[in-house]
Amino acid sequence: MSDSSPLRIHTLQTVRTARYAVRGAELSSARRIWFALHGYGQVAPSFLKPFTDVVPADTSVVAAEGLNRFYREMPRPDGSHMQQVGATWMTRENREDDIADTLTWLGRLQAHVLSEAPLGAQTPVGVLAFSQGVAAAIRWIATGTVPVSCLVLWAGGMPHDVDFGVLRQALRNTRIVLVLGIRDPFITESRRAEMEKAIAAIDRPVELMTFDGEHHLDPHVLGTLLEALPHHAS
């Protein structure tokens, strides 16, 4: 006998613990804050490895971690494979819920970090996003609640589901930098043209920085960008 009862799917908000990692100055002494958003399959602690020797003494880099974790197979030098935990900002299943949960998480992290900093809400803030993290960062900034002085979009595409009017207003006083590796296999000519067209919709000047590398963070470029975040005007 078949079950002909209809299937009903519901959602219910819950509380969970999210993770972030910090490199550089303690939050309690930081005069500048960078929020860093990782790419697909990365986790916050390892994402901060390229920042190891390049964070200015008065600066904290706070790497938020995506809420969705999974295992992936990674090759070893001997040809075998190992399982490694990775994180992502969203999945195709329940996409809108993932986005809403991410925005809530980033907003709470922002409030916590700035409450710890000695300058509080007056602390200069930068946002550096890599690959998939770019879309998450743009959605976050488009809430209009992030006082960002410098935005770094590193090898990632713009989302199309944001209010560009709100985004332009949020970025009206923001330095925007696009960073690309000249040997990045993911940035084809058509992909780059698509990215630049989407970024043009912000209607703000965008600086382009390139480096001789692939789809990864470059410590030298990182050091230059981190140091360029303005200090609080006394």
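The values are calculated or read from the model by the stated rules, or taken from the named source; none is laboratory data. Here the structure is a predicted model, which is why all the values come from computation and not from measurement. Every residue, glycine as well, gets a Cβ built from its backbone with ideal geometry; the counts of neighbours run over all protein chains shown.
Structure data summary
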item	result
Residue match in the range 68-84 (condition: outside any strand (DSSP E or B), farther than 20 Å from VAL22 by Cα, among the charged types (D, E, K, R) and at pLDDT 80 or above)	no
Selection from the range 172-211 of residues that are under 30 Å from HIS231 (Cβ atoms), among the basic types (Lys, Arg) and either outside any strand (DSSP E or B) or in contact with a His (Cβ under 8 Å, 6 or more places away or on another chain) (or both)	ARG172, ARG204
Checklist (1) closer than 25 Å to ASP101 by Cα; (2) buried (at least 20 other Cβ atoms within 10 Å of the Cβ); (3) not acidic (Asp, Glu) applied to THR145, failing item	(2)
Options THR102, THR59, THR52, THR123; residue that is of a type in the set (S, T, N, Q) and within 27 Å of ASP161 (Cβ to Cβ)	THR102
Meets criteria (surrounded by 14 or more Cβ atoms within 10 Å (Cβ to Cβ), touching a Ser or Thr at 6+ places or on another chain (Cβ under 8 Å), of a type in the set (Lys, Arg) and part of a helix (DSSP H, G or I)) for ARG168	no
Any hit, the range 7-21, residues being surrounded by 10 or more Cβ atoms within 10 Å (Cβ to Cβ), at pLDDT 95 or above and in contact with a strand residue (DSSP E or B) (Cβ under 7 Å, 6 or more places away or on another chain)	yes
Where a residue in the range 38-56 is at positive phi and its partner, wherever it lies, is not hydrophobic (A, V, I, L, M, F, W, C), with Cβ under 9 Å and at least six apart	GLY41/ARG72; GLY41/GLN84; GLY41/GLY86; GLY41/THR88; GLY41/GLN132
From the options VAL134, VAL148, residue that is at pLDDT 95 or above, closer than 19 Å to PHE186 by Cα and among the β-branched types (Val, Ile, Thr)	VAL134
Selection within the range 72-102 - loosely packed, with under 12 Cβ neighbours inside 10 Å, of a type in the set (D, E, K, R) and more than 21 Å from LEU12 (Cβ to Cβ)	GLU73, ARG76, ASP78
